[in-house]
1. Would you jot down the residues in region B:51-82 that end up with at least 40 Å² less accessible area in the complete protein assembly than in the chain alone, with a 1.4 Å probe?
2. Between chains B and A, what is the buried accessible area in Å², counting both sides, with a 1.4 Å probe and ligands, DNA and RNA left out, to the nearest 100?
3. Probe radius 1.4 Å, ligands and nucleic acids ignored: give me the carbon and sulfur share of the accessible area of chain A as a rounded percent.
4. Counting only DSSP beta bridges with both residues in the protein assembly as shown, tell me the antiparallel percent, nearest 5.
5. Using only DSSP helix segments of four residues or longer, with each worth -39500 (n - 2.57), what per-residue ellipticity at 222 nm results for chain B after dividing by its residue count and rounding to 500?
6. Pairs to check: B:Lys113/B:Lys383; A:Lys35/B:Lys368; A:Lys35/B:Lys159; A:Lys35/B:Lys383; A:Lys73/B:Lys44. Give those whose C-alpha atoms are more than 31 Å from each other in this structure.
7. On a 0 to 90° scale, report how tilted helix B:14-25 is relative to the longest principal axis of chain B, with both axes built from alpha carbons and the result rounded to the nearest 10.
8. List the longest stretch of chain B that has no exposed loop site; here a site is one of the GluC sites (Glu not before Pro) assigned by DSSP to anything other than H, G, I, E or B, with at most 12 other Cβ within 10 Å.
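The values are calculated or read from the model by the stated rules, or taken from the named source; none is laboratory data. As the structure is a computational prediction, the values presented were derived from the model and not from experiment. Using ideal geometry, Cβ is built from the backbone for each residue, glycine included, and neighbour counts are taken over all protein chains shown. Note: areas computed on protein heavy atoms with side chains; ligands, DNA, RNA excluded. Shrake-Rupley method; radii C 1.70, N 1.55, O 1.52, S 1.80 Å.
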Amino acid sequence: MEQLVCIVCPRGCTMTLNDTPDGLSVTGNACPRGKAFAIAETTQPMRTLCTTAATAFPAAPVLPVRVRGEIPKDRIFDVMAAINAVTVDFPAARGDVILENVCGLGVDVIATSSLLSEEGERP
Amino acid sequence: MRERYDVTVIGGGPAGLAAAIAADAAGARVLLIEREARLGGILKQCIHDGFGLVRFKEKLSGPEYAERFIEQFRAAGIDAMTLTYVTAIEPLTDGGFCLTAVSRDGVTAIESKTLILATGCRERTAKQVAIHGTRPAGVYTAGTAQHLTNLRGVLPTKKCVILGSGDIGLIMARRLTLEGAEVLGVYEAKPTPSGLTRNLHQCLHDFNIPLYLSHTVTRVFGEDRLTAVEISQVDDAMRPIPGTESVVACDGLILSVGLIPENELAETLGVALDPRTKGPVCDGSLMTSCPGVFSCGNALHVNDLVDYVSESGEQAGRAAAAFCGAARDLAPIEIGKELLYLVPQQIDRNADNSAVTFYFRSRAPMGKSRLRLQCGDAVLFEKTYPFLRPPEMERLTVDLRDLPAGGALTAQLDSLEGGA
Ligand SMILES: Cc1cc2nc3c(=O)[nH]c(=O)nc-3n(C[C@H](O)[C@H](O)[C@H](O)COP(=O)(O)OP(=O)(O)OC[C@H]3O[C@@H](n4cnc5c(N)ncnc54)[C@H](O)[C@@H]3O)c2cc1C
Ligand code: SF4
């Protein structure tokens, strides 16, 4: 028996996991996403990653970015290193790809702000 | 001739944006005033994800969430003044307000029938926690550390200790670790963590950052730059226990010791504040004690979910657009001691109370419990919760159309655990 807190939504359900002959039994989750999370945690834990990338624009030296999909938890620092090696030198808009297929994980790194493309056209 | 608006929103964070959009949609002439260069408020620096789950069913980062509203705001063609401070607000004799706004273009006087205060909150600083010793560089609030790291691209510390287990501190523990800093531990004076459970897991456990409950920082060392902090265990009354001191070498101390609603402008208007929330006392339409002045977002009470911040903004926006100065018959709600706070704090018996949205927190973690709203002896509403945790605010909408005449309004939480 093992306790696990679901991090999928802010509710943060505390779940109880049990190995049964029919596979993993999960209780305490308020919705099915909790069970999917519990299964992933016990096989291949996945996480999103949000960080910043350096830019070539002095007015906005860093641009917020994130991975478009989840990445394995144990590759977080590899992906950080790859992002920290990039300098964004074009006026990226929100959703633009900053780094394709990061570390060969099949996931792109995208801009999460239109900060650079909007410099100069403020309200 | 001065500009005259129906609704002026002060603050361009998620609360202010939602308020302006809702007031505009309701047909009002709206102005939004923001002191910073860019709209979006604190979300500009909250680059982590987890925003918008309730509203968009998506895990967005702060900037993504804010920009969705900024785009809607611009598409609606709502007037905005950025890099503009409101320095004074005065009530006009014929109703409405006159604002003095200072920007690079000089001083402007603006008239507005109603005001929405969406000024967010500020962080408690070292001055508000008792720490002895010098005042070296290297002591930051979590929000300042977040600003430096996420907007300026400057890592404020290489090796640090975090005081306080609030969400911003937890988020920063992860963020600084990701950027290569060493986070030695998060120290919390209370016996229970203040942040959301999910943040304890995804920010601390995932990165093996220890959390020390019932511990606090009692002293800082260093002349120009911080060199170490002294940690002590604390007793039930949060007093340091002599003999438990230990010294931890570090170049950074990050304070995540709480947020306080920002209500300087509200105070100049004489708006009554609730000592529990530190925000204005409001009715079901989020109107403050001052007719025509509304409050929303973190200025009203410190929220943990931006989705509810936007919701309260929309509520205030709609109400301000509909404001006509009708007389109110205000009934305060007396709350029981198990409740940390309840918003709104009063009900206008003359208003349409068919869907009043309440926000509350319990004072301490509770198991199965029941919230009950009464008018005299009549139970108006009750709801049972499997558990309640103070860091996780609860929200509910109640139909209060048929309020019995007379009789005091009360709200209370009862534990349904154990022998009860
Ligand atoms: C570090 C941190 C992490 C968070 N993490 C999450 C999370 O993971 N998920 C989630 O859902 N929520 C999260 N939140 C909560 C959410 O971001 C906030 O509750 C929300 O941003 C509050 O919105 P607001 O509009 O009330 O205030 P703010 O965003 O603070 O906006 C207030 C605005 O008012 C302006 N202003 C203030 N005074 C004046 C004045 N006198 N004149 C002109 N302008 C003024 C300020 O410049 C600011 O732009 C987090 C909050 C913080 C601080
Ligand atoms: S189980 Fe469902 S409701 Fe509970 S935390 Fe996970 S996603 Fe949220």
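1. B:Leu53, B:Lys59, B:Glu64, B:Glu67, B:Arg74
2. 3000 Å²
3. Values: 3100 of 5990 Å².
The computed percentage sits at 52.
4. Antiparallel: roughly 65 percent of the beta bridges in the protein assembly as shown.
5. About -5000 deg cm²/dmol.
6. On the way: B:Lys113/B:Lys383 38 Å; A:Lys35/B:Lys368 23 Å; A:Lys35/B:Lys159 37 Å; A:Lys35/B:Lys383 27 Å; A:Lys73/B:Lys44 26 Å.
Check vs 31 Å cut-off fails for B:Lys113/B:Lys383; A:Lys35/B:Lys159.
7. Tilt relative to chain B: about 20 degrees.
8. Numbers: sites that count: B:Glu58, B:Glu223, B:Glu417.
Formally, the longest exposed-site-free interval is B:224-416.
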